[in-house]
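Trainee: Following this message is one structure expressed as structure tokens.
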Amino acid sequence: MKLNKWTLGMMASIMLFSACNKEENLGIDGISPEKTSVKIRLTSPDAGSKAEGSSINGDPIQLSDGYLFFASDNLVTKIVEISGTASSSDDNTVALSDLQGAGVTIGNVPDNSTQVILVSCAPTSNLSTALAGLSASTPVDVLNKVTANTADMGAADGTAKNVALYGKGTIDTTNDPAEVEIKVYAMASRIEIGKITGTGDIESFEVAGIYMNNFYQKASIDGTTGSDLIYYSQDNQFEEGKGVFTTNGILFDAYSTPLVADPSKVVEPVSGDVWNYFLLPATANAQAPHIIVVLENVKLKNASDPSSPIVLTGQQYLSVKGLKLANNTEVVLQKGYVYHINNLSFSEENVDDEPEVEPFSVEVTVELQDWEFASVNVIW
């Protein structure tokens, strides 16, 4: 895993203030902590924040607007905004161009600060709104439990440009200047499907939609806790406009005109080389993601009359209940990982007229996206 390295240089600039403001906390016995200047420099602007690999469809993940939270062990001590539109930097706002360039010095940093937490997200996201409501003296635990929403991850065009980033590092004051290394991760996991193939007695089929299921709609930005578990089991719930399936391309793909399998019984994405979806992992009570594929016009081989295949009426469903690696280890989603299903292969045994009835597993490959890549199999 490549790491984003942030170097903070401490400069001896001590100021005393008689009153507290939004950027400071009271120290021992109510005395305001002394202030110092901190130089922040992004030493590896493309490490840990870029989507790479032939299966990644669209723009790379980039550091976006967000915040640098200076904190003591328990409380936020100062908040610095990262702005993509600011033309210059000051003690409370860092221009993204400066941060990605030679570096920028931030003054008035309380010297009881022991760590820096970075959160980068799309400026119009729900997460950005939640972060903007925080202030100095916010408990660090409260900051880390701010929730991100799956709707804010990725974009409808299938790119990873909106995926939020999170990282933290401990300020090392043994050197001069002081330094901190922040490991920056994408908050989301990405699931990719290269193609869908019918095997066994499957003669032909059409794909009407692909839907994520059994996932947390929200998760804390530090990736420890999830909330609002989404689990649907009725056939009429896997439709565009139902429940969380509102923006085509984020958590699902729906086709008003189903995709028809080619003569080799393979369906591939209309555009790009993969279907892809972003989910938020949580280490506490982790859930295995499910994938529901909606099929139509499924035809099976007819051994007694090969010229007259058996047609399954109505919509049919493939229910992937989990992912596994080549060594049969079941996958637990981790932030910053891409789980790549090269070929979602199924037979007539995996098809049912209701979702979540005949679950199976699929092998996936974990790979690095400057994130981390994994090739996996599905679990039926």
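No lab work stands behind these numbers, since they all come straight from the coordinates. Everything quoted here is computed from the prediction, not taken from an experiment. A quick note on method: Cβ atoms are made from the backbone with ideal geometry, for glycine too, and the neighbour counts reach across all protein chains shown.
Trainee: To the nearest 20 debye, what charge dipole does region 212-285 have about its Cα centre, counting +1 at the Cβ of each Lys and Arg and -1 at the Cβ of each Asp and Glu?
Mentor: 160 debye
Trainee: Under a point spin-label approximation (7 Å from Cα along Cα-to-Cβ), what is the residue 264-residue 87 distance to one decimal in nm?
Mentor: Output for this residue pair reads 5.6 nm.
Trainee: Also, quick follow-up: Once you have the alpha carbon radius of gyration of region 280-359, what is it after dividing by 2.2 N^0.38 Å, with N set to its residue count?
Mentor: 1.40
Trainee: Classify region 181-238: rounded, prolate or oblate, from the alpha-carbon gyration tensor (a ≥ b ≥ c, eigenvalue square roots; a/c under 1.5 rounded; otherwise prolate if a/b is larger than b/c)?
Mentor: Oblate is the answer for region 181-238, as a/c is 1.5 or above yet b/c matches or exceeds a/b.
Trainee: Taking θ as phi - 60°, what are the ³J(HN,Hα) couplings along region 253-262 by the Karplus curve (6.51, -1.76, 1.60), each to the nearest whole Hz, with x for Gly and Pro?
Mentor: Going residue by residue, I get 10, 10, 10, 5, 10, x, 7, 8, 5, 6 Hz, with x marking Gly and Pro.
Trainee: Taking the Cα centre of region 194-338 as origin and charging only Cβ (+1 Lys, Arg; -1 Asp, Glu), how large is the dipole, in debye to the nearest 20? Write down the numbers at each step before the final one.
Mentor: Values: 9 positive and 15 negative charges, 74 e Å.
Value, rounded to 20: 360 debye.
Trainee: Tell me, what is the percent relative contact order of region 239-310, built from C-alpha pairs under 8 Å that lie six or more residues apart?
Mentor: In percent, rounded to a whole number, it is 18.
Trainee: Ranking request for peptides 307-315, 347-355, 325-333: highest mean number of other beta-carbon atoms within 10 Å first, then the rest in descending order.
Mentor: Per-residue Cβ counts within 10 Å, averaged per peptide and sorted highest first, yield 347-355, 325-333, 307-315.
Trainee: Quick query: amide H of residue 114 versus all other amide H atoms, modeled in the peptide plane; which residues come in under 5 Å with a sequence gap of 5 or more or a different chain?
Mentor: Amide H neighbours of residue 114, under 5 Å, 5+ apart: 71, 72, 73.
Trainee: Is region 79-229 best put as rounded, prolate or oblate by its Cα gyration tensor, with a ≥ b ≥ c the root eigenvalues, rounded for a/c under 1.5, and otherwise prolate when a/b is larger than b/c, oblate when not?
Mentor: prolate
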